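Below is one structure, written out as structure tokens; comments come after it.
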Amino acid sequence: MSSYYLLGVDIGTYSSKGVVVKETGEVVASHIVEHNLDMPKPGYYEHDPEKVWWNDFLQICHTLLYKYEIDPRKIIGIGISTISPAIVPIDENGRALRPAILYGIDTRATKEISELSQLTGVKLTSQSAAPKILWIKRNEPEIWSKTRWILNGAGYINFKLTNKVTIDIYDALLFVPLFDLNTLKWSEEIASFVIPTNKLPLPMWSCDITGYVTSEAAQVTGLLAGTPVITGTADAAAEAVSAGLSELGDMMIMYGSSTFFITKVAQLRDVPNFWSSPFLEKGSYVVTGGTATAGSLTRWFRDQFGYPELEAERSGKGNAYALLAGLAETSTVGGNGLIILPYFAGERTPLHDPEAKGVIFGLTLRHTRADIYRAILESVGYSIRHNIEELKKEGINIQRILAVGGGTQNTVWMQIISDIANIIQQIPEKQIGASYGDAFMAGVGVGLFSTVKEVTKWVKISRAITPNIENYYRYEHYYQIFKELYKNTVHLMHQIG
């Protein structure tokens, strides 16, 4: 048995997961906690940081330490990742003043996005954190007056563990233009308009040790006081580590509630339709992007129209999503002539349109649930192809695509996407997720590994999804309509509140 363990915990949109890993890559224990996503108003998406983030972390620690009898003295490093960006104001005592405002699915700050974009010349989207901070300042003055710090998700958990106020540089980049890409520091010029820099956390590299578990945190978590905690990062970045992203030209596609892409590049790039940034360590760079929806669409369809599949699942006759995948196979390529725009929560890259809306186009009396569901799966494929094409136009060389996340369990969906985009998707053997990457990043932080790249030697590919060229050509016609459909309806989308 290994002498050392590493703890990784990831807080996601609908669940949190923790793993205890040996330095050899072997997972010795894991636990998942489900939670809800709050939507107090249309376009507003929130988590209660205490009842969701911290409570999930406590449940994970207690289960791993006591149910699986993990000796906390053998845990030599802790890594945390969370959905990103997710911002929460806290007071001087560390109490969260309001629910956390979540990432690109939350579109409340449309006005602030436009204003900051015009002020700075930086193309911002609903994925940007700075407009959401400005929204709190303008719309919730009582909360703003009590705000001592604005934290991100990983920063909140780390503060509860260590009393340190930090953010990793990779996640801080989503605070642009508040964060300066060149100096890797907060911008005093923009801060004067949005928030004083003394209310923002200290930027650090993701694998740096941010602090140590305090005696107070040890009492409630069961962890050993003094255990090192790294700065941590966004879930997608940690997932990229778990997927084996290591070489230039490697691209990870993370299929979760939304999709997120990370492509490793040699240097910072000027890519207007995407986000270019340093990665987890000095001297590493990536270009990133993502769609606003993916798994959230399949969940929406299941909850609204999947009663037969949900009933079958409750009766022990299969998983609802698996049954819906089978339903999609009964339709045809192109959803029997049905095209869907998947912009049910606005869209991130490459459109940068928080006011975009979903469209179901081509409905006739002959269409079935199967057609609609297949068209939903295909809509995500069209969006991914759109992003890949735009990346290539901006000079990004993609050599290998690694697919991770819950969506990869749906082989029908993965095949549809490969067919539409004409791409080979390599799927790693271990689909543990961001928590696995968190654990290994903690290993880098405490010196077990020299770099993140060294960790990727433990990653093995289990299968590859290759495109059906015949289907690729059949999809070409529908893809062109997909792109034209947005262009011809966007002015109407923006008229709908």
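The values are calculated or read from the model by the stated rules, or taken from the named source; none is laboratory data. What you see is a predicted model, and the numbers here were worked out from it, not measured in a lab. Glycine also receives a Cβ, built like all others from the backbone with ideal geometry; neighbour counts cover every protein chain displayed.
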Just give me the residues in the range 320-366 being more than 25 Å from D106 (Cα to Cα), touching a helix residue (DSSP H, G or I) at 6+ places or on another chain (Cβ under 6 Å) and assigned to a loop (DSSP other than H, G, I, E, B), in sequence order. T330, S331, V333, G334, G335, N336, L338
Quick one: A191 ticks every box in (1) part of a helix (DSSP H, G or I); (2) of a type outside the set (S, T, N, Q); (3) in contact (Cβ under 8 Å) with a residue 12 or more places away in the chain; (4) surrounded by fewer than 18 Cβ atoms within 10 Å (Cβ to Cβ) except a single one, so which number is it? (4)
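Every residue, every condition in (1) in contact with a Leu (Cβ under 9 Å, 6 or more places away or on another chain); (2) more than 23 Å from I209 (Cα to Cα), yes or no:
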position: V122; (1), (2): yes, yes
position: Q127; (1), (2): yes, yes
position: V165; (1), (2): yes, no
position: A172; (1), (2): yes, no
position: V176; (1), (2): yes, yes
position: T183; (1), (2): no, no
position: W186; (1), (2): yes, no
position: E189; (1), (2): no, yes
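Residues checked against (1) in contact (Cβ under 8 Å) with a residue 60 or more places away in the chain; (2) surrounded by fewer than 20 Cβ atoms within 10 Å (Cβ to Cβ):
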residue	(1), (2)
S418	no, no
A439	yes, no
V452	yes, no
Y473	no, yes
Scanning the range 186-216 for residues that are modelled with pLDDT of 95 or more and among the charged types (D, E, K, R) gives K199, D208, E216
Counting only helices (runs of 4 or more DSSP H) wholly inside the range 90-146, the ones holding at least 3 residues that are basic (K, R) are 130-139
Please specify each residue of the range 240-268 satisfying the condition of being buried (at least 17 other Cβ atoms within 10 Å of the Cβ) and farther than 23 Å from E429 by Cβ. S257, S258, V265
Within the range 445-456, take every residue that is closer than 15 Å to K22 by Cβ and among the β-branched types (V, I, T) and give me the one that is modelled with the highest pLDDT. V446
Quick check on my filter: what residues within the range 160-181 are over 21 Å from the mean Cα position of the chain (by Cα) and part of a helix (DSSP H, G or I)? K160, L161, T162
Would you tally the residues in the range 279-300 being touching a helix residue (DSSP H, G or I) at 6+ places or on another chain (Cβ under 6 Å), not β-branched (V, I, T) and not in a loop (DSSP other than H, G, I, E, B)? 3
Pairs, please: C-beta under 7 Å, at least 6 apart or cross-chain, first residue in contact (Cβ under 8 Å) with a residue 12 or more places away in the chain and crowded, with 19+ Cβ neighbours inside 10 Å and in the range 17-36, second in a strand (DSSP E or B) and among the acidic types (D, E)? K17/D10
How many of the residues in the range 454-471 are loosely packed, with under 13 Cβ neighbours inside 10 Å and part of a helix (DSSP H, G or I)? 3
So which residues in the range 475-497 are of a type in the set (A, V, I, L, M, F, W, C) and without any contact (Cβ under 8 Å) to a residue 40 or more places away in the chain, if there are any at all? L492
Just to be sure I understand, how many residues within the range 126-149 are surrounded by fewer than 23 Cβ atoms within 10 Å (Cβ to Cβ) and of a type in the set (S, T, N, Q)? 3
